[in-house]
Amino acid sequence: MPDPPTTPFLFSPAIRSVRSFIWRHPEWWSVGLSVVAWLVLTWHAFTAPAMHDHGMGLISWAGVGDVTVMVVAMMVPLALVPLRLTAFRSLWARRHAAMAQYLLGYVGVWTLSVNAALIAQMAMRSWLRAVPMPQGFRLAVVCAVAAAWQLTPIKQRALRACHQPLPLAPAGWRARGDCVRYGIVNAAVCVTTMWPLMVMSWVLSAHVATMGAVTLVCAIERYTRFPTRTARKLALPLAALAGASTVMAVIGLLTS
Amino acid sequence: MPDDDSLKIRKDVWRLATWDPVLDWYARAVADMQTRPITDPTSWRYQAAVHDYVVGRDPIARAGEKLPSTAEQQKFWRQCQHGSWFFLPWHRWYLWYFERIVAATIVKLGGPTAWALPYWNYSDERNPDALKLPPAFRATTMPDGRPNSLLVAERAPACNLGQAVGDALDIDLRRCLTEDMFSVTVFGRGGGFGGPSTGFHHSPGTTGSLEATPHGSMHSAVGGDGWMSAFNTAALDPIFWLHHANIDRLWEVWRRRDPARHTNPTERDWLTMTFDFHDAAGAVVTPSIEQVVDMTAAPLRYTYEDMSDPLAGVPPRLRAPRPLPMEVSPMPEMVAATSRPLTLGTGTTTSALSIQAPTGPARLRSAAGAARTIYLNLENVTGAGAVGGYAVYLNAPPGASASQRADHLAGLLPTFGLAEASRPDNEHGGSGLQIALNVTDLVSRLEAQPGWDSNRLTVEFVYRGAPTDAATIQVGRVSLYYA
């Protein structure tokens, strides 16, 4: 093999390491995108009203934009494995485009799902007002549903499918379509695993700290040695939260 | 059983007399272990379930029998490591504890101490009968007239008829023994000799080359539609343990072939990984891989009768590619892939790849004059049946005879583990097998031939079993990587 060219800086160990890292971690810019989204959410938390109050603006572009930022912050870290698979299974010249197309499908489905859920929540508000229920009981119900969902076969199967690769065509519109489809399929599976936790976070509070906690819990589920067993174990603290919320709600009722 | 510190020698089963005491006592111990309940960790069925167990698909389940608790099953059953750098060390521990259980049983039955598990060297070119199942495993009775516990009906028909099991492709050692690296984890270059770096990995995925052939191909060749062809029943067949002893031996053969390059991983993640087993007394043990890298050292203290290099005189075909100056280690780059999944049956299926000029690391490597390695990847292989597996050819002339086609062989697609890898309830959601075939030499030869067209590299899958076999296989994608 010929001697390397005499441009020491470009081939210095530091540059080699950086280039090697970028080659081996093509998902680096999506992590950066998520970090920026978290910064925006944090800034919103201190300067703007809580996210769920944007329910009235959901049919506005601003509302959709807020939801998209939330999805990018919370959900992109959970999609790093399929993002990497998308890059490594694409032609080199289009690997970043392939990841972007994946994210189009992934973030798109999540954004639509969250918006649909918030619209449904808006529609139910008048019904909920007619059935008075202390916040504590509401939280207890969603926590109990979340705990039960952790144990269902549907959740278990969806969790296993989270990192499942799909074949991708190499080039052309078929390649673009396959990457978007991969993102859509992955997002559908993700929504299936996480929807009760997302609802729980809204009922608890739409604060950025709550969102961070939900992302952390879901990341632990996905990246541990036995994801399905971890999911089952997580039912316990959720059930405990349901119990504690019930107790607090009862105490609140008795003392009011 | 008191600990015996002497170095045990695992012998070649074909160098033993049909009912050598090693085999006679093995058969007696197997029969005794088969009488123990499945809740006994030293029972035959418990040991088989450590590999894998599927409720409702246990061929010798008894109505109303009690299984170990769910917690115990989660901890000790369904533990076999496949598609992982833990494949070899986990099976080494698995065999060793099994050997100790058998040895303790033999002592209990009045037999000798220090019994060692034999191995089946089906690749031994000096033995014309090497590919046949050893006679002790197909005799109907033992020397004392009792039914032979080593005989299992659930095998490929050729096995118990004393005919050759599989063929030269199933036992070919050239591909695995010429791998330079124990573990490769980047996508597109396969798993190396021993398998890719993973966490706990029970379901198959990307395999190391030894796990593919001869391990996987011989599982299917012996099993046919029977026990050795499925994870959850393989260890019920007494030949399973001799087959894996040979695989374990080949690990050592590989290391000795080139001690400077053929080294085990040194990462802490590999060395400190622990697994749960039971020892000969049924007590729980949790050994680490660190203790298993030297089989002659305590606590293992065993060796093999013959660890000579079957490829002696044949240099390693390919060295692991050296990194470019700007690389820390070589990065594979995809240059071609199919656009649609392929459906395989029991005939021949052909597809084509159009090779794109590389634009990333492979281009830089080419510009720097670095050697190129080429891998044909068979991705997301799912389905059932097809126990014969497939031979994969590149640019085979249409209508070519078997000998003409041999020059175009890319490798095998073995189907051991296919059903397990395709199950939607497995760890990876049923994403199937991933096979990587090193086709560097082959593609280089094809490029040098007249009529080479990089826009049309044909890939042909030829089924190797009987036309009447059931086979529903889908290959999600075929791709080509330069590394």
Task: Inter-label distance, nm, simple model (7 Å from Cα along the C-beta direction), B:Arg62/A:His207 - done: 6.1
TODO: Calculate one ³J(HN,Hα) per residue across region B:459-471 by plugging θ = phi - 60° into the Karplus curve 6.51 cos²θ - 1.76 cosθ + 1.60, and present them in order as whole Hz with x for glycine and proline.
DONE: 10, 10, 10, 10, 5, 9, x, 7, x, 8, 5, 7, 8
Task: Charge dipole of region B:171-264 about the Cα centre (unit charges at C-beta), most positive-ward option of B:Thr233, B:Ser209, B:His244 - done: B:Ser209
Task: Length gained when the stretch A:Leu151-A:Arg232 is fully extended (0.36 nm per residue, less Cα-Cα span) - done: 28.6 nm
- [ ] Calculate the tail of P(r) for region B:106-176: the fraction of all Cα-Cα distances greater than 13 Å, expressed in %.
- [x] 73
Open item on the list: If you wrap a convex hull around the alpha carbons of region B:1-154, what volume per residue comes out, as a whole number of Å³?
Closed with: 158
TODO: Enumerate the calculated ³J(HN,Hα) couplings along region B:277-285 in order (Karplus 6.51 cos²θ - 1.76 cosθ + 1.60, θ = phi - 60°), each rounded to whole Hz, writing x wherever the residue is Gly or Pro.
DONE: 9, 10, 8, 5, 8, x, 7, 6, 10
- [ ] Anything in chain A that counts as a DSSP H helix reaching 27 Å or more along its axis (C-alpha) with Kyte-Doolittle mean of at least 0.5? List them, would you?
- [x] A:28-47, A:95-130, A:172-204, A:227-255
TODO: Report Rg (one decimal) and Dmax (nearest whole number) for the protein assembly as shown, counting Cα atoms only, units Å.
DONE: 28.5, 92
TODO: Scan around B:Leu344 for amide H atoms under 5 Å from its own, H built in the peptide plane at 1.01 Å from N, and keep only partners 5 or more places away or cross-chain.
DONE: B:Ile473, B:Gln474, B:Val475
Open item on the list: On C-alpha positions alone, give me the angle between the axis of helix B:87-108 and the longest principal axis of chain B, in degrees, nearest 10.
Closed with: 20
Open item on the list: Once R0 is set to 45 Å, what does the formula 1/(1 + (r/R0)^6) return for the Cβ-Cβ distance between B:Asp167 and B:Arg340, expressed as a FRET efficiency to the nearest 0.05?
Closed with: 0.90
Open item on the list: Take B:Thr359 and A:Ile220, extend 7 Å from each Cα along the Cα→Cβ direction, and tell me the distance between the two endpoints in nm.
Closed with: 4.3
Open item on the list: Restricted to Cα positions, what overall size does region B:150-229 have along the principal axes? Three whole-Å values, descending.
Closed with: 43, 27, 20
Task: Per residue Cα convex hull volume in Å³ - calculated over region A:59-203 - done: 118
Task: Simple spin-label estimate for B:Asp225 and B:Asp144 in nanometres, 7 Å along Cα-Cβ - done: 3.6
Open item on the list: Please list, by residue number, every one of the trypsin sites (Lys or Arg not before Pro) in region B:408-483 that is coil in DSSP and has at most 11 other beta-carbon atoms within 10 Å.
Closed with: B:Arg456
TODO: Any chance you could list the semi-axes, whole Å, largest first, of the equivalent ellipsoid that the Cα gyration tensor gives for chain B, using √(5λ)?
DONE: 38, 24, 22
TODO: Find which of B:Ala158, A:Trp29, B:Gln47 sits farthest along the positive direction of the dipole of the protein assembly as shown, computed with +1 on the beta-carbon of Lys and Arg, -1 on that of Asp and Glu, about the Cα centre.
DONE: A:Trp29
Task: Estimated 222 nm signal from helices in the protein assembly as shown, with DSSP H stretches of n ≥ 4 weighted -39500 (n - 2.57), rounded to 500 - done: -13500 deg cm²/dmol
Open item on the list: Could you tell me the calculated FRET efficiency between B:Ser403 and B:Thr18, based on Cβ-Cβ distance and R0 = 45 angstrom, to the nearest 0.05?
Closed with: 0.80
TODO: Taking H placed 1.01 Å from N in the peptide plane, check which residues at least 5 places from B:Thr274 or on another chain put their amide H under 5 Å from its amide H.
DONE: none
Open item on the list: Using Cβ contacts closer than 10 Å as the measure, can you line up B:Phe275, B:Phe200 from fewest to most?
Closed with: B:Phe200, B:Phe275
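Laboratory data are not the source of any read-out in this text; all were calculated from the coordinates shown. Computed from a predicted structure; not experimentally measured. Using ideal geometry, Cβ is built from the backbone for each residue, glycine included, and neighbour counts are taken over all protein chains shown.
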